[in-house]
Amino acid sequence: MAESRPDGRAPDELRRVAITRSYLNTAPGSALIEMGDTRVICTASVENTVPPFRAGTGAGWLTAEYGMLPGSSSRRIPRDAGRANGRTQEIQRLIGRSLRAVIDLNRVGERTFYIDCDVIQADGGTRTAAITGGYVALAEAVSRMVAKGELEADPLREAAAAVSVGVVEGRVLLDLCYAEDSRAQTDMNVVMLASGGIVEVQGTAEGHPFSRGEAGQLLDLAARGIQRLFPLQQQALEGVGGAGRENS
């Protein structure tokens, strides 16, 4: 008999997911995303400037910042003092690439969208939760700009979401919590679009390599899980303060 997961889920089951839009009233777009015990506050802000390499092009830019608050883990996380560490930089770039894949920056003018993702409680999958919640914050900010006439049309092409998958003790599992992630033989983060396109796959083996067959299984499982996240994003965006929930 296969060992049960720490929270009793089936191998292909997401953790409880809740996305609360308009979580803060101080940013044009914001969302609190909860995936199990992982909680991330995502905000979207806009400035009417662009980086030097975009200046004069008429096109905008989108960038992201990510951080874990000191009390988000059982071990205190030191604050980044002026410079993000390597892991933080990697995750920031991943979030930025993922969300640039869904917005037509040629239609926003010379503006920069800042997506800030702050982990307030971590239990695995923080980067994937940040992408899923970051999209909701971005979509809310864009919707408000269109309503105010600051943008002529919605520049968002489609939604983006992400999830982790992995091989733990020989089993292929969806949406790893920290107890699983910390002992996974293979850990993979997958970012996909609502249309099914893959934006990014980050796969790492620990101890022994994974096969092409296992890679296919992991991608298929991730795709099924991500397809369940898109309706939750849409539910959250349907009304101010609205929330998308699964397994609640």
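The values are calculated or read from the model by the stated rules, or taken from the named source; none is laboratory data. Everything numeric in this text was worked out from a predicted model, so none of it was measured. Note that each Cβ is placed from the backbone with ideal geometry, even for glycine, and that neighbours are counted across all protein chains shown.
Taking the range 73-121 as the search range and keeping residues that are among the small types (Gly, Ala, Ser) and modelled with pLDDT of 95 or more, which one is nearest to residue 58 (Cα to Cα)?
109
Of these, 147, 141, which one is touching a residue at least 40 places away in the same chain (Cβ under 8 Å), at negative phi and small (Gly, Ala, Ser)? First the steps, then the outcome.
Values: 147 fails: touching a residue at least 40 places away in the same chain (Cβ under 8 Å).
Only one candidate qualifies: 141.
Any chance the range 209-217 includes a residue that's surrounded by 14 or more Cβ atoms within 10 Å (Cβ to Cβ), among the aliphatic types (A, V, I, L, M), more than 13 Å from the chain's Cα centre (by Cα) and over 20 Å from residue 137 (Cβ atoms)?
Residues of the range 209-217 surrounded by 14 or more Cβ atoms within 10 Å (Cβ to Cβ): 210, 214-215, 217.
Checking which are among the aliphatic types (A, V, I, L, M) leaves us with 215.
Now drop any that are not more than 13 Å from the chain's Cα centre (by Cα), which leaves 215.
So of that shortlist, the ones also over 20 Å from residue 137 (Cβ atoms) come out as 215.
Scanning the range 209-217, I find at least one residue that is surrounded by 14 or more Cβ atoms within 10 Å (Cβ to Cβ), among the aliphatic types (A, V, I, L, M), more than 13 Å from the chain's Cα centre (by Cα) and over 20 Å from residue 137 (Cβ atoms), so the answer is yes.
Within the set of pairs 6 or more residues apart or between chains, which connect a residue that is over 27 Å from residue 108 (Cα atoms) inside the range 36-50 to a residue that is assigned to a strand (DSSP E or B) and of a type outside the set (Val, Ile, Thr) with Cβ atoms less than 8 Å apart?
Listed by first residue and then by second, the contacts come to 37/121; 38/121; 39/32; 39/121.
Taking residue 222, is it crowded, with 21+ Cβ neighbours inside 10 Å, under 30 Å from residue 25 (Cβ atoms), among the small types (Gly, Ala, Ser) and at pLDDT 95 or above?
Spelling it out, it is not the case that residue 222 is crowded, with 21+ Cβ neighbours inside 10 Å, under 30 Å from residue 25 (Cβ atoms), among the small types (Gly, Ala, Ser) and at pLDDT 95 or above.
Please count how many residues of the range 163-183 are in contact (Cβ under 8 Å) with a residue 60 or more places away in the chain and in a strand (DSSP E or B).
So the answer is 6.
For the range 191-207, state whether one or more residues are at pLDDT 95 or above, closer than 24 Å to residue 5 by Cβ and crowded, with 17+ Cβ neighbours inside 10 Å.
Within the range 191-207 (the criterion being at pLDDT 95 or above, closer than 24 Å to residue 5 by Cβ and crowded, with 17+ Cβ neighbours inside 10 Å), the answer is yes, since at least one residue qualifies.
For residue 63, only one of the following conditions fails: (1) surrounded by fewer than 18 Cβ atoms within 10 Å (Cβ to Cβ); (2) touching a Lys or Arg at 6+ places or on another chain (Cβ under 8 Å); (3) of a type in the set (Val, Ile, Thr). What is its number?
For residue 63, the exception is condition (2).
Give 59, 2, 18 a once-over and let me know the one that is more than 23 Å from residue 223 (Cα to Cα), at pLDDT 95 or above and not β-branched (Val, Ile, Thr).
Residue meeting the stated conditions: 59.
Filter the range 18-37 down to the residues that are touching an Asp or Glu at 6+ places or on another chain (Cβ under 6 Å) and surrounded by fewer than 22 Cβ atoms within 10 Å (Cβ to Cβ), then identify the one that is nearest to residue 238 (Cα to Cα).
Of everything passing the filter in the range 18-37, 18 is nearest to residue 238 (Cα to Cα).
Report yes if residue 181 is closer than 23 Å to residue 124 by Cβ and out of contact with any helix residue (DSSP H, G or I) (no Cβ under 7 Å at 6 or more places or on another chain), otherwise no.
Judged against the criteria, residue 181 is a match.
In the range 54-94, what residues are without any contact (Cβ under 8 Å) to a residue 24 or more places away in the chain and hydroxyl-bearing (Ser, Thr, Tyr)?
74, 88
Only one residue in 127, 97, 111 is in contact (Cβ under 8 Å) with a residue 40 or more places away in the chain, closer than 17 Å to residue 14 by Cβ and among the basic types (Lys, Arg). Which one? Give the steps one after another, and end with the answer.
On the way: 97 fails: closer than 17 Å to residue 14 by Cβ; 111 fails: closer than 17 Å to residue 14 by Cβ.
It is 127.
Kindly indicate whether residue 233 is in contact with a helix residue (DSSP H, G or I) (Cβ under 9 Å, 6 or more places away or on another chain), under 30 Å from residue 4 (Cβ atoms), surrounded by 14 or more Cβ atoms within 10 Å (Cβ to Cβ) and not aliphatic (A, V, I, L, M).
Numbers: in contact with a helix residue (DSSP H, G or I) (Cβ under 9 Å, 6 or more places away or on another chain): yes; under 30 Å from residue 4 (Cβ atoms): yes; surrounded by 14 or more Cβ atoms within 10 Å (Cβ to Cβ): yes; not aliphatic (A, V, I, L, M): yes.
It is true that residue 233 is in contact with a helix residue (DSSP H, G or I) (Cβ under 9 Å, 6 or more places away or on another chain), under 30 Å from residue 4 (Cβ atoms), surrounded by 14 or more Cβ atoms within 10 Å (Cβ to Cβ) and not aliphatic (A, V, I, L, M).
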